[in-house]
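The values are calculated or read from the model by the stated rules, or taken from the named source; none is laboratory data. Because the structure is predicted, anything quoted here is derived from the model rather than measured. Methodologically, a virtual Cβ is constructed for each residue, glycine included, from the backbone with ideal geometry; neighbour enumeration extends over all protein chains shown.
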Amino acid sequence: MAFKEGIKERTKSKVKQPRQYQVLIYNDDFTPMDFVVEVLMRIFDKDEQTAAALMMSVHTGSCAVAGIYPRDIAQTKAAEAVRWAREEKYPLKVEAVCMP
């Protein structure tokens, strides 16, 4: 039997981290604050205190970051929040934006 001697090449493979997306919740004059807190707790897994603080950031500013996720997760969470808001007849705007 003959043995084949092979040279093992080592290749360095670099795994690219997926691009991250911010899910932004925007302020409006019609969506109740309590509903925004519920969205933050149920969809974005925030505790009540954190959700209330984020809601106040949205209320006093123009928007706030609800979370940072890979693209698919960010888009799914944003779509779920908007769907729920529309079911409740609220104009809440939520979108996933690529981080620079």
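See the values below:
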| item | result |
| --- | --- |
| Any pair with Cβ under 6 angstrom, 6 or more apart, that starts in region 22-50 at a residue that is in contact (Cβ under 8 Å) with a residue 12 or more places away in the chain and ends at one that is surrounded by fewer than 19 Cβ atoms within 10 Å (Cβ to Cβ) and of a type in the set (Asp, Glu) | Leu24/Glu95; Ile43/Glu80 |
| Test result for Gln49, more than 14 Å from the chain's Cα centre (by Cα), assigned to a helix (DSSP H, G or I) and surrounded by fewer than 13 Cβ atoms within 10 Å (Cβ to Cβ) | yes |
| Selection within region 74-100 - in contact with a strand residue (DSSP E or B) (Cβ under 6 Å, 6 or more places away or on another chain) and modelled with pLDDT of 95 or more | Ala74, Gln75, Lys77, Ala78, Ala81, Val82, Lys93, Val94, Glu95, Ala96, Val97, Cys98 |
| Positions within region 55-75 being assigned to a helix (DSSP H, G or I), under 12 Å from Val94 (Cβ atoms) and touching a helix residue (DSSP H, G or I) at 6+ places or on another chain (Cβ under 8 Å), in sequence order | Val58 |
